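Read-outs: derived from the displayed coordinates by stated rules, not from any lab. Worth saying up front: this structure is predicted, and the values here are computed from it rather than measured. Here Cβ is always computed from backbone atoms with ideal geometry, including for glycine, and neighbour counts include all displayed protein chains.
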Amino acid sequence: MARLFVISGPSGAGKGTLIRGVLEQRPDIAEVATSATTRPKRPGEEEGREYFFLSTDAFLAKVDEDDFVEWVEFAGNHYGTLKSEVDRLLSQGANVILELEVDGSLVIKEARPDACLIFIDTDLTELRRRLISRQTEGLDEIDRRLQIAEEQSKDKLRFDHVVHNDEVERAVAELLATLERELGR
């Protein structure tokens with residue numbers, strides 16, 4: 001039976017990096033469901049690969065139509081997981097990974113109690129360094145994201161597993177081992 005995994009943590013914690021690292025080693029372990037967002041595309045991002053990029057009006061219309069399994073407003077933008085995307089992958093027998101912010105993860109756990117939630121944690125000093133090196137937000141936005149991250153870290157005990165991303169290769173190995181253990185149950 002296909003499993004739903006939710007990988008979460010603060011912005012800049014390395015969720016995407018760790019997921020890519022796992023899939024490079026085990027491309028067969030899961031498919032990543034593409035989320036929708038109202039935030040602008042960053043350089044190098046493609047429609048349907050990183051996100052489905054929607055206008056605020058289009059996004060809110062989908063909210064009204066109950067098309068999302070979860071959605072949140074975060075840092076001034078909307079993010080959501082389309083039910084159709086998750087159901088499509090699960091119905092094909094694929095394990096599904098969702099890369100979500102913390103609030104969205106907790107909504108998924110309520111809607112789908114069988115989902116496995118994994119929190120990617122990192123210390124705030126490292127998080128600040130990563131956010132600055134991304135060069136996608138200004139310093140005010142980075143400070144706001146760090147405040148949010150500090151609050152989000154308080155919720156990590158509500159997750160099934162916590163992976164500390166202090167060193168990428170080690171954290172990838174830990175995340176992969178966690179997924180494999182869960183699939184072996």
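What residues have an amide H closer than 5 Å to that of residue 35, excluding those fewer than 5 places away on the same chain, when H is modeled at 1.01 Å from N in the peptide plane?
52
I need the calculated FRET efficiency for the pair residue 170 and residue 42, taking r as the beta carbon distance and R₀ as 30 Å, to the nearest 0.05. Each step should come with its number before you reach the end.
Details: r = 27 Å, r/R0 = 0.90.
It comes to 0.65.
Hey, how many Å between the Cα centroid of the stretch 122-152 and the Cα centroid of the stretch 1-51?
19
Can you tell me the order of 167-175, 128-136 when each peptide is scored by its average per-residue count of other Cβ atoms within 10 angstrom, highest first? Write down the numbers at each step before the final one.
Numbers: 167-175: 16.0, 128-136: 14.2.
Packing proxy ranking, top to bottom: 167-175, 128-136.
What is the set of long-range amide H partners of residue 3 at a cut-off below 5 Å, with H atoms built 1.01 Å from backbone N?
Residues meeting the amide H criterion: 95, 96.
If you rank 83, 156 by fewest surrounding Cβ atoms within 10 Å, what's the result? If you can, show how the numbers build up before the last one.
Values: 83 15, 156 18.
Going from least to most buried by this count: 83, 156.
Relative contact order for the chain: what percent, with Cα pairs under 8 Å and sequence separation of 6 or more? Mind showing how you got there, number by number?
On the way: 277 pairs, mean separation 61.8, N = 185.
Normalised by residue count, the contact order of the chain is 33 percent.
For the chain, what is the largest minus smallest coordinate of the Cα atoms on each principal axis, given in angstrom and ordered from greatest to least?
45, 41, 31
According to a simple spin-label model (label point 7 Å from Cα along Cα-to-Cβ), what is the distance in nm between residue 17 and residue 135?
It works out to 1.7 nm between the two label points.
With each label point set 7 Å from Cα along the Cα-Cβ vector, what nm distance links residue 55 and residue 158?
In this crude label model, residue 55 to residue 158 measures out at 3.4 nm.
Could you give the length gained on full extension between residue 84 and residue 123, defined as 0.36 nm per residue of separation minus the Cα-Cα distance, in nm?
Numbers: separation 39, 0.36 × 39 = 14.04 nm, distance 3.51 nm.
Stretched out fully, the residue 84 to residue 123 stretch lengthens by 10.5 nm.
If you scale each eigenvalue of the Cα gyration tensor by 5 and take the root, what three semi-axes come out for the stretch 16-82, rounded to whole angstrom and sorted largest first? Working shown, then result.
Details: eigenvalues 119, 40, 19 Å².
After diagonalising the Cα gyration tensor, the semi-axes are 24, 14, 10 Å.
Tell me, what ³J(HN,Hα) does each residue in the stretch 64-70 have, in order and in whole Hz, if you take phi through Karplus 6.51 cos²θ - 1.76 cosθ + 1.60 with θ = phi - 60° and put x for Gly and Pro?
Once θ is set to phi - 60°, the couplings for the stretch 64-70 become 4, 8, 6, 7, 9, 7, 7 Hz.
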